[in-house]
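The values are calculated or read from the model by the stated rules, or taken from the named source; none is laboratory data. Note that the structure is predicted; figures quoted are calculated from it, not measured. Cβ atoms come from the backbone with ideal geometry, glycine included; neighbour counts cover every protein chain shown.
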Amino acid sequence: MNTGEKDKIRILFIAEAVSLAHVARPLALALALDPARHAVSFAADPRYNALLGDPPFPLHRIDSIDGNRFSTALARGTPIYDLPTLRRYVGDDLDLIAAVKPHLVVGDFRLSLTASARVAGVPYFSITNSYWSPYARQRFPLPAHPLAQLLGVAAAQALFRLARPVVFALHAWPLNRLRREYGLPALGHDLRRAYTDADHTLYADVPELLNLPALPAHHHFLGPVLWSPSVPLPEWWEKLPGDIPLIYITLGSSGEHRALPLIFDALADLPIAAMVAAAGATVRNPPDNVHAASYLPGQAAAARASVVICNGGSPTSQQALAAGVPVLGIASNLDQFLNMRAIEARGAGLCLRADRAAPAAIRHAVMRLLGNPTFRESARKFAKIFSHYDAGRRFSELAAAFAAPVA
């Protein structure tokens, strides 16, 4: 018997659409919920709406900063959000919360919710990755940065190691100032606390990825949150050869798309076929063995592939590992480096720096992944681990346990 509307758990998802990943993960969780028990509302900047299909719940518009501003800040190492932007976000958040009246708010990189959800008095879940956990003991690799070109990677890495605590503090400052304006305590100088602060922190990956110590009770592993866009298959999909290795390439919405020609040069003379999802980028003069589309169903593409080449971010790399396929990550920002370093350490992939990637290095990495069976064996171990998780079901259980009582 269906629950009456007044008895359903009202859940408001707010996605920060600086990249498709931060929209895709909450969307996947929202779609996994039982509509007989949950009344879902989903809010995001409409820039990715064409890829969302026709979800069975209302879509609300809420503005996010431009993706180019986000990417430029990451490339320069400057704070992504300034205080005026966060203040505006809080106002938008509070207006939406007042309109929807949710029992639970769920955000993905919507950092303003650390203030607005608390001001509204609504339980707040944040979706993130475990490599951003303040409890993770790890060293931070140097992201792609002009300093690496100027000083060399080794010298720039040494400088970054010294400067990193100051950099993290500068990134955290606007959010700490915002919280103090609303009478909330500051989160300290560790940016990871700003990225993970919530009433309940949800890690969209598995504990086997990192050696984490015991976590607080309000930190939870969901398992991988997998999603593919609602797009038609290209005409060439059924015509791909089945007797040679197939490479799936996608640099996503936040990848370094200038690397695509380098990848094409690397693969042009190899006895392989490749399919590329350009994510809106222009694909110019691909070699004969490369088939291109704007977007592809990522899970299906990864399942057909022998190797997946991506920007190193968690969504595509998880699609690959879920299919037991090794990953080559061409990483530029810190999130991508942290993800790929964990995967590389567990033998399921390789990482190249986007600012140092060259056709010869890409070709060598692809041949290693194809020629050494231990990479596929490690990827298959992750596929088995992933199979024990149901992120949607786990999220539903947490929502039922911690949403505010139904009025």
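Quick test for you: out of Leu328, Leu260, pick the one residue that is within 17 Å of Ala354 (Cα to Cα) and in a strand (DSSP E or B).
Of the residues listed, the single one that is within 17 Å of Ala354 (Cα to Cα) and in a strand (DSSP E or B) is Leu328.
Can you name the residue in the stretch 207-231 that is at pLDDT 90 or above and more than 19 Å from Pro26 (Cβ to Cβ) and is also surrounded by the most Cβ atoms within 10 Å (Cβ to Cβ) among such residues?
Across the stretch 207-231, the extreme among qualifying residues is Leu209.
For the structure I just gave you, tell me whether Ala155 is among the hydrophobic types (A, V, I, L, M, F, W, C), under 30 Å from Leu352 (Cβ atoms) and touching a Leu at 6+ places or on another chain (Cβ under 6 Å).
Values: among the hydrophobic types (A, V, I, L, M, F, W, C): yes; under 30 Å from Leu352 (Cβ atoms): yes; touching a Leu at 6+ places or on another chain (Cβ under 6 Å): no.
For Ala155, the condition - among the hydrophobic types (A, V, I, L, M, F, W, C), under 30 Å from Leu352 (Cβ atoms) and touching a Leu at 6+ places or on another chain (Cβ under 6 Å) - is not met.
Since Ala320 meets every condition but one in (1) at pLDDT below 95; (2) assigned to a helix (DSSP H, G or I), which condition does it not meet?
The one condition Ala320 does not meet is (1).
Table: residues versus (1) in contact with a strand residue (DSSP E or B) (Cβ under 7 Å, 6 or more places away or on another chain); (2) without any contact (Cβ under 8 Å) to a residue 60 or more places away in the chain; (3) more than 27 Å from Gly313 (Cα to Cα).
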position: Arg25; (1), (2), (3): yes, no, no
position: Leu33; (1), (2), (3): yes, no, no
position: Ala36; (1), (2), (3): no, yes, yes
position: Phe42; (1), (2), (3): yes, yes, no
position: Leu59; (1), (2), (3): yes, yes, no
position: Ser64; (1), (2), (3): no, yes, no
position: Gly67; (1), (2), (3): no, no, no
position: Leu94; (1), (2), (3): no, yes, yes
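Could you please give the count of residues in the stretch 48-66 that are assigned to a helix (DSSP H, G or I) and either buried (at least 17 other Cβ atoms within 10 Å of the Cβ) or not assigned by TED's automatic domain parsing to the domain that holds Ser19 (or both)?
Residues in the stretch 48-66 being assigned to a helix (DSSP H, G or I) and either buried (at least 17 other Cβ atoms within 10 Å of the Cβ) or not assigned by TED's automatic domain parsing to the domain that holds Ser19 (or both): 2 in total.
Among all residue pairs at least 6 apart or on different chains, which show Cβ distances below 6 Å where the first residue, located in the stretch 103-116, is modelled with pLDDT under 95 and the second is assigned to a loop (DSSP other than H, G, I, E, B)?
none
Can you tell me which residues in the stretch 1-40 are of a type in the set (Gly, Ala, Ser), surrounded by fewer than 20 Cβ atoms within 10 Å (Cβ to Cβ) and not in a helix (DSSP H, G or I)?
Once the filter is applied, which keeps residues that are of a type in the set (Gly, Ala, Ser), surrounded by fewer than 20 Cβ atoms within 10 Å (Cβ to Cβ) and not in a helix (DSSP H, G or I), the stretch 1-40 yields Gly4, Ala36.
So which helices (runs of 4 or more DSSP H) stay within the stretch 133-222 end to end and still have 2 or more residues that are under 20 Å from the mean Cα position of the chain (by Cα)?
By residue number, 153-181, 191-196.
Find the residue count for the stretch 332-356, including only residues that are small (Gly, Ala, Ser) and modelled with pLDDT under 95. Walk me through how you get there before you give the answer.
If we filter the stretch 332-356 for residues that are small (Gly, Ala, Ser), which is where we start, we get 332, 342, 345, 347-349, 354.
Now narrow it down to the ones that are modelled with pLDDT under 95: 332, 354.
Within the stretch 332-356, residues that are small (Gly, Ala, Ser) and modelled with pLDDT under 95 number 2.
Just checking, how many residues over the stretch 262-278 are more than 19 Å from Leu240 (Cα to Cα) and either of a type in the set (Phe, Trp, Tyr) or surrounded by fewer than 21 Cβ atoms within 10 Å (Cβ to Cβ) (or both)?
Within the stretch 262-278, residues that are more than 19 Å from Leu240 (Cα to Cα) and either of a type in the set (Phe, Trp, Tyr) or surrounded by fewer than 21 Cβ atoms within 10 Å (Cβ to Cβ) (or both) number 2.
Against the definition (within 17 Å of the chain's Cα centre (by Cα), over 30 Å from Arg37 (Cβ atoms) and not charged (D, E, K, R)), how does Ile362 come out, yes or no?
It is false that Ile362 is within 17 Å of the chain's Cα centre (by Cα), over 30 Å from Arg37 (Cβ atoms) and not charged (D, E, K, R).
So Tyr248 fits all but one of (1) among the hydroxyl-bearing types (Ser, Thr, Tyr); (2) surrounded by fewer than 22 Cβ atoms within 10 Å (Cβ to Cβ); (3) not in a loop (DSSP other than H, G, I, E, B); what number is the exception?
(2)
Tell me, yes or no, whether the stretch 350-358 has at least one residue that is among the small types (Gly, Ala, Ser), in a helix (DSSP H, G or I), touching a Gly at 6+ places or on another chain (Cβ under 9 Å) and buried (at least 20 other Cβ atoms within 10 Å of the Cβ).
no
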